[in-house]
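This report concerns only the one structure given below.
The values are calculated or read from the model by the stated rules, or taken from the named source; none is laboratory data. The structure displayed is predicted, hence computed values, not measured ones. Please note: Cβ atoms are built from the backbone with ideal geometry, for glycine as well, and neighbour counts cover all protein chains shown.
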Amino acid sequence: MVRKGNSEVRITTEQQLERMRSDWDRRARENARHYVATGKEHWTDQDFFESGEQSVDNHIRSDMGNVCQGKSPKTMRVLEIGCGAGRTTRALANLFGEVYAVDISGEMVARARAALHDISNARIYQNNGCDLSVMGALDFDFAYSEIVFQHIPNRDVIENYVREVNRLLRPGALFKFQLHGYLELDTSWDDAWNGFPFSEEMATSMAHRCNFEPRYSRGAGKQDFWLWFFKNV
């Protein structure tokens, strides 16, 4: 159920996914890099991809014990959900052996592929916005998502992504990702910008339903609510 003006309109998940796809295609055409990283209106190539390196420094290189669990990163195959214009994908490919990235927007995927055409170990796919069937039966050593689920207004879609990541991860591997933790967030409007908010209890319950161990969290109640979900062995 979404709100338009003073009335409520019932829409299907398929309609909501199509709206998400069209919204992000429009944003990509208008200013892809700004909508991926809203800190700047206009990004140079250097600044945009350096910001991706900084994110990887902050959230992955600083956490290599949990991410790699003794493996060399160059031997690891990793999955990125919501790659946008490839900002973080390039940085992931500089660190890991293989990177597979997905995004719901064909326009974003086209820009990411163009920007990373010279990066041989990064593969970018358009997916359907709710599952990872495009990955087939590949298995992964680590999965990552940053500033993505905060823009998905459908709780069931987010949980299905978490379940799909579990299907693809090797036993014991980590899925590190963000949810929106600000519970007072208005998600009644039908634009794919404000994502469905989760409390710590809601996130923990989702982890157990999807066969994950929710080992750590940071930022509950805030916009950037980080979760460390380890696939049960």
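Here are some notes:
- Gln150 falls short on exactly one of the conditions (1) among the polar types (S, T, N, Q); (2) closer than 19 Å to Gln16 by Cβ; (3) modelled with pLDDT under 90, and that condition is (3).
- Subset tally (residues that are surrounded by fewer than 20 Cβ atoms within 10 Å (Cβ to Cβ) and among the aromatic types (Phe, Trp, Tyr)) for the range 163-187: 1
- Failed item, numbered, when Tyr144 is tested on (1) outside any strand (DSSP E or B); (2) touching a residue at least 60 places away in the same chain (Cβ under 8 Å): (1)
- Scoring Ala220 on the criteria (1) small (Gly, Ala, Ser); (2) out of contact with any helix residue (DSSP H, G or I) (no Cβ under 8 Å at 6 or more places or on another chain); (3) farther than 25 Å from Thr89 by Cα leaves a single failure, condition (2).
- Taking the range 203-221 as the range and being surrounded by fewer than 16 Cβ atoms within 10 Å (Cβ to Cβ) and closer than 23 Å to Thr12 by Cβ as the test, only Arg209 passes.
- Of all the residues in the range 146-162, those that are more than 12 Å from the chain's Cα centre (by Cα) and surrounded by 23 or more Cβ atoms within 10 Å (Cβ to Cβ) number 1.
- The lone exception for Val78 - which of (1) closer than 30 Å to Gly97 by Cβ; (2) at pLDDT 90 or above; (3) surrounded by 13 or more Cβ atoms within 10 Å (Cβ to Cβ); (4) out of contact with any strand residue (DSSP E or B) (no Cβ under 9 Å at 6 or more places or on another chain) it fails: (4)
- For the range 197-217, the criterion of being under 20 Å from Leu79 (Cβ atoms), part of a loop (DSSP other than H, G, I, E, B) and within 15 Å of the chain's Cα centre (by Cα) is satisfied by no residue at all.
- Here Val134 qualifies as more than 25 Å from Gln46 (Cα to Cα), more than 14 Å from the chain's Cα centre (by Cα) and not small (Gly, Ala, Ser).
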